[in-house]
Amino acid sequence: MITRLRGLTPATLLRLLLLTAASVAFVYPLVWLVSASLKPKTEVFDNKLVPDHIQWSNFVEVWNAGPVLQWLINSTVVALMAAVTVTISSAAVAFGFAYFRFRLRGVLFGLVLSTMMLPGAVTMIPVYLIWNKLGFVDTQVPLWAQNLFGSAFYIFLLRQFFLGVPRELFEAARIDGCSFFGLFRRIALPLCRPALIIVFVFEMQASWSDLMKPLIYLQTEQYFTMPRGLKQIIDAFALSGEYHWEIAMAATLLATLPMIVVFAFAQRHLLDGLALSA
């Protein structure tokens, strides 16, 4: 080990130090959360990573604070629906921009990208009025149905992948009688699977951790997602005048673990997709 370190150049050592510092900075909040979720109320913010007293009952009290299991199920359903719809719709639009040659294609694609410049606050009220007119307020539909129309960022990402597929493959398939939908389903999607996984995982994580939409559209407790449920738990502590942060930390850890598992299983595909996109 010492021999290996001696063979490292100063630049390599500096790079290792920077990577180590960045790793610690990213891992520390999660370690702190795990530690805080196991501490008694009086020790939550003592900043010790190893608790002096471990209180497993915090995770029992979480289930008494609200219908956490129902919230987790709701978050899972909403996240899956949001990820599936945005992946399919964005891929279809991206394939159209990548494969078809038509007038004003660049202008239309520029208009799609320009929508990323709009702050969410600009469209928040008009979109709410639309869903209210359709009668979907206080349902989970607005949390994922907007993704049926795709996402500008994901369209841009997937279009770059589709442009990397040799056009000769599509032309050969067309000669064999393959339809345009067949080109999309049998050639484009399988060859760009890493990009599709990136879009799916990113949107699933974004939907899972989203609090703004549930705050706007949901009023009934049984429809709450996990972030909205955590907000209600903390608000209940505020109304009672006594904050139980150890229970809030335990609930936050339960809400975080599913996404850690998802990223762990999708890590290889994410790295492949990021490398290809770069």
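The values are calculated or read from the model by the stated rules, or taken from the named source; none is laboratory data. Bear in mind the structure is a predicted one, so any value in this text is a computation, not a measurement. Cβ: placed from backbone, ideal geometry, glycine included. Neighbour counts: every protein chain shown. What goes into the accessible areas is simple: the full protein's heavy atoms, side chains included, and nothing from ligands, DNA or RNA. Shrake-Rupley method; radii C 1.70, N 1.55, O 1.52, S 1.80 Å.
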- Query: Residues Ala65, Ala91, Ala25: which one is closer than 28 Å to Gln232 by Cα and of a type in the set (A, V, I, L, M)?
  - Reply: Ala65
- Lys213 buried (at least 21 other Cβ atoms within 10 Å of the Cβ), among the basic types (Lys, Arg) and under 20 Å from Leu72 (Cβ atoms): yes
- Item | Condition met for Lys133 (loosely packed, with under 12 Cβ neighbours inside 10 Å and either of a type in the set (Val, Ile, Thr) or farther than 28 Å from Glu171 by Cα (or both)) | yes
- Message: Of everything in region 182-214, what is among the aromatic types (Phe, Trp, Tyr) and under 14 Å from Thr85 (Cα atoms)? Give them in sequence order.
- Response: Phe200, Phe202
- Message: If I filter region 25-60 down to residues being acidic (Asp, Glu) and open to solvent by less than 80 Å² (accessible area, probe 1.4 Å), which single residue comes out as nearest to Met249 (Cα to Cα)?
- Response: Glu43
- Message: Quick test of your reading of the structure: Phe102 fulfils all but one of (1) among the hydrophobic types (A, V, I, L, M, F, W, C); (2) open to solvent by 40 Å² or more (accessible area, probe 1.4 Å); (3) touching a residue at least 60 places away in the same chain (Cβ under 8 Å). Name the failing condition by number.
- Response: (3)
- Message: Report every pair of residues separated by at least 6 positions or lying on different chains whose Cβ atoms are under 7 Å apart, first residue within region 29-50 and of a type in the set (Val, Ile, Thr), second exposed (fewer than 12 other Cβ atoms within 10 Å of the Cβ).
- Response: Val31/Leu49
- Query: Considering Gly177, Gly182, which residue is surrounded by fewer than 17 Cβ atoms within 10 Å (Cβ to Cβ) and either of a type in the set (Ser, Thr, Tyr) or assigned to a loop (DSSP other than H, G, I, E, B) (or both)?
  - Reply: Gly177
- Report yes if Ala82 is at pLDDT below 90, among the small types (Gly, Ala, Ser) and either surrounded by 12 or more Cβ atoms within 10 Å (Cβ to Cβ) or in contact with a Leu (Cβ under 8 Å, 6 or more places away or on another chain) (or both), otherwise no. no
- Specify which of the listed residues (Leu13, Leu33) is over 28 Å from Met259 (Cβ atoms) and part of a helix (DSSP H, G or I). Leu13
